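Undergrad: My questions will all concern the structure given below.
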Amino acid sequence: MELFPPSQPQARRHLISVSDLDRDDVERILATAESFEAVMHRDLKKVPTLRGRTVMTVFFESSTRTSSSFELAAKRLSADVVSLKAVGSSVDKGESLRDTVQTLSAYDPDVIVIRHAAVGAAARVTKATSAHVVNAGDGCHQHPTQCLLDLYTIRAVRGSLDSLHVAIVGDVMHSRVARSNIQGLLMLGARVTLVGPPTLIPRHMTSLGVEVSHDISAIADADVIYVLRMQHERMSEGEAYIPSLREYSALWGVTSERVRPGQLVMHPGPMNRGVEISSDVADGPSSHVIDQVRAGLVVRMAVLYDLLAGPGPADASAALRPVPVAAGVAAGQEVA
């Protein structure tokens, strides 16, 4: 079975924030991602779904998981891919974000995936291009596809997020992942508790509908422990949010003594082993970190497909449209 390519251009849509989605959107994208799982188990892992489309990934911040999975996702869908890193580009010469985006837009890309240190950068990019824009992280604001892959990972293990208790532990103050995940988890019916030192959890967070605890023992009742790293790159020089990393690890580190059997442990990466999470937990049976990485590929394939192919019929279980393999074409071979 192959995936039918988009038959016509879609109205320009973007994924800038989890707030751009409603529950039906999330369910549709996750269902599409699940459908793409079958592709990952074939000998030929490429489908012609987005053949002839161009996806540009533009990263002004360091990335391993997000940049590689978006690039591979586009290639698995047979799109043409152009990847730009700030280092070595004209940004080094002082080119502005707007000028960079307008230059790239001259090549008529269908999608621009952007990561930038400035809050609101992805939203500003939508004003400078006619392409669909996907936010791959803007400062400490939003990271919507990380949220989607985390929801996918949890649902793959637990089946549903309704009434599930998720404890998000660590540096919430500087985390775009925490902000996106809070929105997504609450949308799907989960209960969320933020755990960490008072200096790293903004005071207004309870207004979002979450609970807050400054005691690591609060993770004991959680079904999922979601660990965040200390984001030193977003802290101003001289700011001291904690006395020391050693004290942080002692008071709020997720260790094997604090994790009970049956709990899911997740981390968006990169991990600082021995600080927010111990190696025995990161590599232990409760850890689903590698599952998150794998989920990132199919979820980002689903996002690209959804933007370019549209949401599909309202009663469809996913946005994929299967077509029979042409006569004489071997199973797993691409259909033109």
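Values quoted throughout were computed directly from the atomic coordinates according to the rules given, and no laboratory measurement underlies them. Computed from a prediction, not measured in an experiment: that's the story for all the values here. Cβ: placed from backbone, ideal geometry, glycine included. Neighbour counts: every protein chain shown.
Undergrad: Among 153-165, 185-197, how do they line up from the highest to the lowest mean number of other beta-carbon atoms within 10 Å?
TA: Numbers: 153-165: 15.8, 185-197: 21.1.
Result, highest mean first: 185-197, 153-165.
Undergrad: Something else about it: Can you list, largest first and rounded to whole Å, the semi-axes you get for the range 131-237 by taking the square root of 5 times each eigenvalue of its Cα gyration tensor? All intermediate terms of the calculation are to be shown ahead of the outcome.
TA: On the way: eigenvalues 84, 78, 25 Å².
Taking √(5λ) for each eigenvalue gives 20, 20, 11 Å, largest first.
Undergrad: For the chain, just run the numbers: alpha carbon Rg, then divide by 2.2 N^0.38 Å, N being how many residues it has. Before the final figure, lay out the partial values.
TA: Values: Rg = 20.4 Å, N = 336, 2.2 N^0.38 = 20.1 Å.
Cα Rg divided by the expected 2.2 N^0.38 Å: 1.02.
Undergrad: Follow-up question, since we're still on this one. Where in the range 178-212 does the label zone of ASP22 land, with the point 7 angstrom along Cα→C-beta and an amide N cut-off under 18 Å?
TA: Hits in the range 178-212 for ASP22 at 18 Å: 183-189.
Undergrad: Please report the relative contact order for the chain, taking Cα pairs under 8 Å with a sequence separation of at least 6, and give it as a percent rounded to a whole number. Kindly include the intermediate steps, with their values, before the conclusion.
TA: Working: 633 pairs, mean separation 80.1, N = 336.
Worked out over the chain, it gives 24 percent.
Undergrad: Among DSSP beta bridges whose residues both lie in the chain, state the antiparallel percentage, nearest 5.
TA: Restricted to the chain, the bridges split so that about 10 percent are antiparallel.
Undergrad: While we're here: Rank by packing, highest mean first: peptides 272-278, 145-151, 219-225, with packing defined as the count of other Cβ atoms within 10 Å averaged across residues. Walk me through the intermediate numbers first.
TA: Numbers: 272-278: 18.4, 145-151: 26.6, 219-225: 20.3.
Highest mean packing first, the order is 145-151, 219-225, 272-278.
Undergrad: While we're here: Karplus couplings for the range 159-166 from phi (6.51 cos²θ - 1.76 cosθ + 1.60, θ = phi - 60°), rounded to Hz, Gly and Pro as x?
TA: For the range 159-166, the Karplus curve yields x, 8, 9, 4, 6, 6, 9, 10 Hz.
Undergrad: Also, I was wondering about something else. About the Cα centre, and with charges only on the beta carbon of Lys, Arg (+1) and Asp, Glu (-1), how big is the dipole of the chain? Nearest 20 debye, please.
TA: On the way: 33 positive and 37 negative charges, 109 e Å.
Around 520 debye, computed over the chain.
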